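Heads up, the thing below is written out as structure tokens.
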Amino acid sequence: MNQMTFSDMEYSGRKKVTQKEKFLRQMNQIIPWDEWVKKIQPHYPAGKRGRPPRGIEVMLRMYLLQIWFNLSDAGLEDAIYDSYAFQRFIGINFLEEQVPDATTLLKFRHLLEKHDLGKALFDDISAQLDKAGLMMHGGTIVDATIIHSTPSTKNKTGERDPEMHQTKKGNQWYHGMKVHIGVDAGTGFVHTIEGTAANVSDVSMTSKLVRKDDEVVYGDSGYLGAQKREEIKNDKHLKDIDYRMCLRPSQLKTTGKNFDGFCWDRWIEHRKSSVRCKVEHPFLIVKRQFGYCKTAYRGLAKNMNRFYMLFGCANLVMCVRGGRTEAFRSACIG
């Protein structure tokens, strides 16, 4: 906003800056807006017929607010009117324009899904992290998480989502999808994402999460036996990788109560776990900070477009927390 409004003058006198405002300022600083707008521009309506479209950056900022705070289209529209922090982030001046309505946001989201722009922006973030020297190579950590979906049949077809399935974890059944990620073992940044139904086993997706220059792969006990799978044994690169998967508790050798020696098996498992734990940080950001624990749409494609944006933004959050904002921005400019 170029012109200061009465609201700006009123809020400038506050003594405290909220956590929401701090987060939005950090993300506003690290995101390369010009580059992201250029990637969307070829697919965006030119506005030669009908009502002129809203600016790409305004719609992109609105969409990011939606996924960061897990709001519906109509819910976000109302939240922008209510929240001064949201208004500042989008750059809305009510003296000159109004907030884009829920239908406009819906069409923008469908445009991103149609042209796989969520994956394009995620790949751009990964490329810039690599260019800035923030993404190490040589090792990957693999893991998966279950995302619940609604089992409701109150829809046009009267059926549950056909692309979602149920699976049993422990003694509990879950219905939904799985998100499989590959994380850089050195830095914890996500470099690969895959989405499947919940009944697909974790170990079956191992080969799709490994990079071409990886020499070691870490994972939990759900990935035991990955090196024995046909798609890995038949691949010249994958079969030579060192697979360091954590053992199940029942597989650890136990010692007697009076044993005074050093248990090397437990020490080795502790070292593997200390590396593998980095994969939990992106899940923590997506499911706790962004609040995305349940699928918002029907079908894997729509949800995966959102997950690409969520994990891409999770990488940016970790970049900010590590004090690497300037390094990332320099790589984007350069």
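The values are calculated or read from the model by the stated rules, or taken from the named source; none is laboratory data. Fair warning: this is a prediction, and the values are worked out from it, not measured in the lab. So basically every Cβ, Gly included, is an ideal-geometry build from the backbone, and we count neighbours across all protein chains shown.
Structure above, values below:
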| quantity | calculated |
| --- | --- |
| Scope the range 273-310; condition aliphatic (A, V, I, L, M) and either in contact with an Asp or Glu (Cβ under 8 Å, 6 or more places away or on another chain) or assigned to a helix (DSSP H, G or I) (or both); matching residues | Val275, Val279, Leu284, Ile285, Val286, Leu300, Ala301, Met304, Met309, Leu310 |
| Any chance Asp213 is in contact with a strand residue (DSSP E or B) (Cβ under 8 Å, 6 or more places away or on another chain) and touching a residue at least 40 places away in the same chain (Cβ under 8 Å) | no |
| Pairs, first closer than 16 Å to Leu112 by Cβ in the range 286-303, second of a type in the set (Asp, Glu), C-beta under 6 Å, six or more apart | Gly299/Glu163; Leu300/Glu163; Lys302/Glu113 |
| Positions within the range 27-77 being among the basic types (Lys, Arg) and within 14 Å of Gly91 (Cβ to Cβ), in sequence order | Arg54, Arg61 |
| Test: Leu134 is surrounded by 18 or more Cβ atoms within 10 Å (Cβ to Cβ), of a type outside the set (Ser, Thr, Tyr) and under 17 Å from the mean Cα position of the chain (by Cα) | no |
| Residue that is nearest to Thr145 (Cα to Cα) [pool: residues in the range 206-218 that are in contact with a Lys or Arg (Cβ under 8 Å, 6 or more places away or on another chain) and surrounded by 20 or more Cβ atoms within 10 Å (Cβ to Cβ)] | Thr206 |
| Single match in Tyr243, Tyr223 (criterion: hydroxyl-bearing (Ser, Thr, Tyr), surrounded by 16 or more Cβ atoms within 10 Å (Cβ to Cβ), free of Cβ contacts under 8 Å to residues at least 60 places away in the same chain and assigned by TED's automatic domain parsing to the domain that holds Val183) | Tyr243 |
